[in-house]
Structure formats: C-alpha cells, structure tokens
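Chemist: Below is a structure I'd like to ask you about.
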Amino acid sequence: MAVIQVLNGPNLNLLGTREPEVYGHLTLADVETMCTEKAGSLGHDIEFAQSNHEGELVTLIQEGRGRVAALVFNPAAYTHTSVALHDAIRAVGVPTWEVHLSNVHQREAFRQHSYISPLARGVICGYGAKGYLVALEAAAEHIAEAG
Ligand code: DQA
C-alpha cells in the first residue's frame with residue numbers, strides 16, 4: 001500500500017457552482033469521495049487537499065518527499081503561471097500526473113502553456129472528474145512497476 005497525493009489548486013474549492021458548464025456539477029467533496037474509493041480499489045491511500053495559496057501547495061509537495069509515491073495534481077490557474085510549483089515537483093522528484101477537468105486546449109491562449117506538463121508522466125484533460133480516476137490508475141500502474 002502506497003500513498004498517492006491528490007492536490008488541487010485555486011478556485012477548485014468552488015467546484016459544483018463555479019462555471020458548471022465548464023467544470024461540471026460535481027463538488028470537490030464528490031471528487032474526493034471518487035478518488036478515495038478508486039485509490040482503495042487499487043490498494044492505495046490518498047492524501048487529498050486543495051489550496052488557494054501557491055506557497056501552501058509548494059509546502060504540501062515538499063512534505064511528501066520520500067513518503068508520497070505519486071502525485072495527481074490539478075494546479076488550476078497556477079498551471080499556467082507557477083515556476084515555484086514546477087521547481088517543487090522537480091526538487092522532490094515525485095512522479096506526477098497533471099489533471100484538468102476542462103480541455104484547456106480548446107480554451108483561451110493563456111491556458112495553452114503549462115509549467116507542470118514538462119515534468120508530468122501524463123496529462124489528462126477534458127474528461128471532467130473522471131480524469132482524476134484515470135490519473136490514479138496510471139499512478140497505481142507506475143507504483144506496481146516501480147516495485
Ligand atoms: C483547470 C483549468 C485551468 O486553466 C483553470 O485555471 C482552472 C481549472 C481545469 O481543471 O480545467 O482553475 O485546471
């Protein structure tokens with residue numbers, strides 16, 4: 001049994017009411033329940049968190065060092081801006097899967113660049129909350145392969 005960290009960036013606490021036509025009707029609590037059940041079925045534990053603060057997300061990633069086997073990360077708007085989150089993932093070396101609920105490639109030009117994608121083992125976008133489950137499956141596969 002390993003620990004998979006599932007982190008969520010700014011404004012994702014508003015899921016369910018925030019632009020539901022873009023992000024869907026599920027709340028972040030619903031996403032957490034889905035992730036907990038999925039991880040359990042894969043034989044792993046998750047640590048699920050959301051923060052509106054870049055530095056707090058950096059600290060959470062740092063605190064996973066040597067303890068967390070994989071990171072499933074929806075950095076939200078910080079995807080497109082954060083060198084600090086890029087550096088944290090690099091420093092800790094945690095295998096990372098990047099998730100976006102919406103298909104960012106169909107959206108504004110400023111969402112086309114990600115500071116996280118160059119470090120990610122995989123990027124899943126446009127599948128809504130199911131994307132988190134796909135990322136958890138990929139992370140579990142990696143954990144099994146890595147032994
Ligand atoms: C998002 C996409 C980002 O561009 C946006 O800033 C978000 C959510 C998504 O899940 O689709 O807040 O990461």
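The values are calculated or read from the model by the stated rules, or taken from the named source; none is laboratory data. The structure displayed is predicted, hence computed values, not measured ones. Heads up, the Cβs are rebuilt from the backbone with ideal geometry, glycines too, and the neighbour counts pull from every protein chain shown.
Chemist: Just one of the numbered conditions (1) loosely packed, with under 13 Cβ neighbours inside 10 Å; (2) under 12 Å from the mean Cα position of the chain (by Cα) is not true of Gly122; which one?
Modeler: Exception for Gly122: condition (1).
Chemist: I would also like to ask the following. For Gly16, state whether it is closer than 22 Å to Gly126 by Cβ and surrounded by fewer than 18 Cβ atoms within 10 Å (Cβ to Cβ).
Modeler: On the way: closer than 22 Å to Gly126 by Cβ: yes; surrounded by fewer than 18 Cβ atoms within 10 Å (Cβ to Cβ): yes.
Spelling it out, Gly16 is indeed closer than 22 Å to Gly126 by Cβ and surrounded by fewer than 18 Cβ atoms within 10 Å (Cβ to Cβ).
Chemist: Further question on the same structure: How many residues does region 55-91 hold that are surrounded by 18 or more Cβ atoms within 10 Å (Cβ to Cβ) and acidic (Asp, Glu)?
Modeler: So the answer is 0.
Chemist: For region 1-75, list the helices (runs of 4 or more DSSP H) that sit wholly inside it and hold at least 1 residues that are among the charged types (D, E, K, R) and at pLDDT 95 or above; which are they? Spell out the reasoning first.
Modeler: Values: elements: 20-23, 28-41, 54-63.
Output list reads 28-41, 54-63.
Chemist: Please find, among His105, His113, the residue that is within 15 Å of the ligand (Cβ to nearest atom), of a type outside the set (Lys, Arg), part of a loop (DSSP other than H, G, I, E, B) and more than 12 Å from the chain's Cα centre (by Cα). Before the answer, list the steps.
Modeler: Working: His105 fails: part of a loop (DSSP other than H, G, I, E, B).
Of the residues listed, the single one that is within 15 Å of the ligand (Cβ to nearest atom), of a type outside the set (Lys, Arg), part of a loop (DSSP other than H, G, I, E, B) and more than 12 Å from the chain's Cα centre (by Cα) is His113.
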